[in-house]
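Asks: Please see the structure below; I have some questions.
The values are calculated or read from the model by the stated rules, or taken from the named source; none is laboratory data. In this text the structure is predicted, and so the values were computed from the model without any measurement. Here Cβ is always computed from backbone atoms with ideal geometry, including for glycine, and neighbour counts include all displayed protein chains. To get the accessible areas, we keep the full protein, side chains included, count just its heavy atoms, and leave off ligands, DNA and RNA. Shrake-Rupley method; radii C 1.70, N 1.55, O 1.52, S 1.80 Å.
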Amino acid sequence: MTEPLGRVLAAIEARRDELVALTQDLVRIPTTNPPGDAYRECAEAIGRRLARRGFEVEYVRGVGTPGDSDRYPRINVVARREGARPGRCVHFNGHIDVVEPGHGWSVEPFGGVVRDGRVYGRGTCDMKGGLAAAIVAVETLVDSGLPLPGALEISGTVDEESGGYGGVAYLAERGWFAPTRVQHVIIPEPLNVDRVCIGHRGVWWAELETKGRIAHGSMPFLGDSAIRHMGAVLERLEHELLPRLATRSTVMPVVPPAARQSTLNVNSVHGGQPEGFDGLPAPCVADSCRIVLDRRFLVEESIDGVKAELRELLERLAAERPGFRYELRDLFEVLPVMADRNGPVVQATLAAVRQVLGRDAEIVCSPGTYDQKHIDRIGRLKDCIAYGPGILDLAHQPDEFVVIDDLVASAQVMAASAHRLLTLNA
Ligand SMILES: [Zn+2]
């Protein structure tokens, strides 16, 4: 390790209490999404802080994006600081929104309680702890006085938990991740302090409706049950599609390993007439039944192939089963992304984990998606990873926490990684 970098890492360790305090401050701003509370307050807290270090701060409202209103404006913050001379830009992106606390907490969800070497609260893990670590990492690099080339940039963005349209997608569409301004991105999502996440699987959500004909429930032979038709669909999914998906292997190192294949979940089933005012069932044959499908797919599969595979199964059923009629509607889709594991940001972060933790990091992919999709697909920026201090399994859970030692270590890793990226070929 170079001597100046060693001093930076020591300085981060010395700022442990400040890092904890910043995490607490951010957690105490209840940026619950939906509806998108307190975004401005949180964005401005980050902006004010970084402005004091000479960052140029801009606030970008995702005007007209889902949920944006004067009551709940989608306010993002982007802070940039140019270095000693031109060079590459390392960008840290953290979402400031959190999911609602839900039930089952033993501490105040927005209290930022410190106990047993942990900070507790909604967003400590996902992902205000990571954002705080990134902020302290860049501040310490700035304070070190090292004549680093290039630029350091931090964004606090909204709505990741609801698709990122008013946040990273909005910024990416407007050129904030253009290759002329940003070259490397680290997203401190909670993937564990010793794992480098290079991407995620794809998503296809679709609604499938089977059609029937209504009739009196006492004479079902006079109608045609949409629920029985759906039963036939579920049977095919169970015995044909699911076993086939389970055999598909991938180069994606998805964690947990059980997610290292294509998966399909039936998110919901709705069918038949609702119960009456008396709570008793409607005595009818169901004329409609709907399911919502959540299909997660791999880089080896195309979205068109994924859709065609289901359609082919349904068409075969239609040919074989009298009266079978259906409608299939697209709800949402995200393509899989995976950064090059030999690319600069992956390699710099692997080296940084080795320096700081003294062990090799594991390269992983996430089972679900996060904002990397927008940076990759809209921004066309491929050198992007997720790396952050939280424990993945704790995200969205009651009594969410982040381990303080992990906060400090991840801030050190981010500083070392940024240092390496900025001084690469410099
Ligand atoms: Zn997150």
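Asks: Among SER262, VAL292, PRO322, flag the residue with its Cα farthest along the positive direction of the charge dipole of the stretch 253-335, charges on Cβ as +1 for Lys/Arg and -1 for Asp/Glu.
Replies: Final value for the positive-end residue is SER262.
Asks: Tell me the label-point distance for the pair HIS239, ASN425, using the 7 Å Cα-to-Cβ offset, in nm and rounded to one decimal.
Replies: Distance between the two pseudo-spin positions: 5.9 nm.
Asks: With the dipole of the chain worked out from charges on the C-beta (+1 for Lys and Arg, -1 for Asp and Glu) around the Cα centre, which of ASN93, GLY272, SER366 lies farthest toward the positive end?
Replies: The Cα lying farthest towards the positive end belongs to ASN93.
Asks: Still on this model: Thinking of the stretch 61-208 as a set of Cα atoms, what percent of all their pairs are more than 21 Å apart?
Replies: The calculated P(r) of the stretch 61-208 puts 55 percent of pairs beyond 21 Å.
Asks: Something else now. Could you check the spin-label model distance between PHE221 and THR180? Points 7 Å from the Cα along Cα→Cβ, value in nm.
Replies: 7.5
Asks: Would you kindly give the portion of the calculated P(r) for the stretch 260-391 that falls above 22 Å, as a percent of all Cα pairs?
Replies: 59
Asks: Rounded, prolate or oblate: which fits the stretch 290-339 when a ≥ b ≥ c are the square roots of the eigenvalues of the alpha-carbon gyration tensor, with rounded for a/c under 1.5 and prolate only if a/b beats b/c?
Replies: Judged from the Cα gyration tensor, the stretch 290-339 comes out prolate (a/c at least 1.5, a/b above b/c).
Asks: Out of ILE75, ILE29, ILE291, any idea which swings most in a Gaussian network model of the chain, alpha carbons joined below 10 Å?
Replies: The residue with the greatest mean-square fluctuation here is ILE291.
Asks: Oh, and also: For the stretch 1-45 and the stretch 400-422, compute the distance between their C-alpha centroids and round to whole Å.
Replies: 11
Asks: Continuing with this model, one more query. How about the stretch 48-151: which trypsin sites (Lys or Arg not before Pro) there lie in a loop by DSSP and see at most 11 other Cβ atoms within 10 Å?
Replies: Sites meeting the loop and neighbour criteria: ARG52, ARG71.
Asks: Packing-wise, with mean Cβ within 10 Å as the measure, how do 400-409, 359-368 rank, highest first?
Replies: With the highest mean Cβ count within 10 Å placed first, the list reads 400-409, 359-368.
Asks: Under DSSP H, which helices of the chain have Cα atoms covering 20 Å or more of the helix axis and a Kyte-Doolittle average no less than 0.5?
Replies: 129-143, 404-423
Asks: After finding the eigenvalues of the alpha carbon gyration tensor for the stretch 313-366, what semi-axes result from the square roots of 5 times each, listed largest first in whole Å?
Replies: Each semi-axis is √(5λ); the values are 49, 12, 9 Å.
Asks: Rounded, prolate or oblate: which fits the stretch 1-140, taking a ≥ b ≥ c as square roots of the Cα gyration tensor eigenvalues, rounded meaning a/c under 1.5, else prolate when a/b beats b/c?
Replies: Note, shape of the stretch 1-140 comes out oblate.
Asks: At 4 °C and 1.567 mPa s, grab the translational diffusion coefficient of the stretch 96-141 from Stokes-Einstein with a Kirkwood Rh over Cα pairs, rounded to a whole number in µm² per second.
Replies: My calculation gives 112 µm²/s for D.
Asks: Across every pair of different alpha-carbon atoms, what Kirkwood hydrodynamic radius in Å does the stretch 214-254 reach? Walk me through the intermediate numbers first.
Replies: On the way: mean 1/r = 0.0773 Å⁻¹.
In the stretch 214-254 this quantity evaluates to 12.9 Å.
Asks: Taking every pair of alpha-carbon atoms in the stretch 160-208, give the share separated by more than 12 Å as a whole percent.
Replies: Details: 897 of 1176 pairs.
Here the long-distance tail beyond 12 Å is 76 percent of all Cα pairs in the stretch 160-208.
Asks: To continue, here is another question. Could you report the chain's accessible area per residue, 1.4 Å probe, as an integer in Å²?
Replies: That works out to 42 Å² for each residue.
Asks: Follow-up. With both partners inside the chain, how many of the DSSP beta bridges are antiparallel, as a percent to the nearest 5?
Replies: Expressed as a percentage, antiparallel bridges in the chain total about 70.
Asks: What's the magnitude of the charge dipole for the chain around its Cα centre, counting Lys and Arg as +1 and Asp and Glu as -1 at the beta-carbon? Answer in Debye, nearest 20.
Replies: It comes to approximately 980 debye.
Asks: Now, a different point. Using amide H atoms built in the peptide plane, which far-off residues or other-chain residues are under 5 Å from SER288 H to H?
Replies: GLY212, ALA226, GLY272
Asks: Which of LEU26, LEU392, LEU331 ends up with the largest GNM mean-square fluctuation for the chain, with Cα atoms connected below 10 Å?
Replies: The residue with the greatest mean-square fluctuation here is LEU331.
Asks: Follow-up question, since we're still on this one. Debye sum, Cα scatterers, the chain, no solvent: what log₁₀ I/I(0) at q = 0.09 1/Å?
Replies: The Cα Debye sum returns log10 ratios of -0.61.
Asks: Under the rule a/c < 1.5 gives rounded, and otherwise a/b versus b/c splits prolate from oblate, where does the stretch 323-426 land using the Cα gyration tensor?
Replies: Here the stretch 323-426 falls in the oblate category.
Asks: For the stretch 81-169, with only Lys/Arg (+1) and Asp/Glu (-1) charged at the beta-carbon, what is the dipole magnitude about the Cα centre, in debye rounded to 20?
Replies: Rounded to the nearest 20 debye, it is 320 debye.
Asks: Next question, about the same structure. Arranged from highest to lowest average of other beta-carbon atoms within 10 Å per residue, in what order do the peptides 145-156, 98-109 appear?
Replies: Ranked by mean Cβ neighbours within 10 Å, highest first: 145-156, 98-109.
Asks: Magnitude of the Cβ-charge dipole of the stretch 169-316, K/R +1 and D/E -1, about the Cα centre, nearest 20 debye? Spell out each step's value before the answer.
Replies: On the way: 17 positive and 19 negative charges, 84 e Å.
In total the dipole reaches around 400 debye.
Asks: Compute the FRET efficiency between VAL266 and ASP405 as 1/(1 + (r/R0)^6), taking r as their Cβ-Cβ distance and R0 = 45 Å, and round to the nearest 0.05.
Replies: With R0 = 45 Å, the Cβ-Cβ based efficiency is 0.65.
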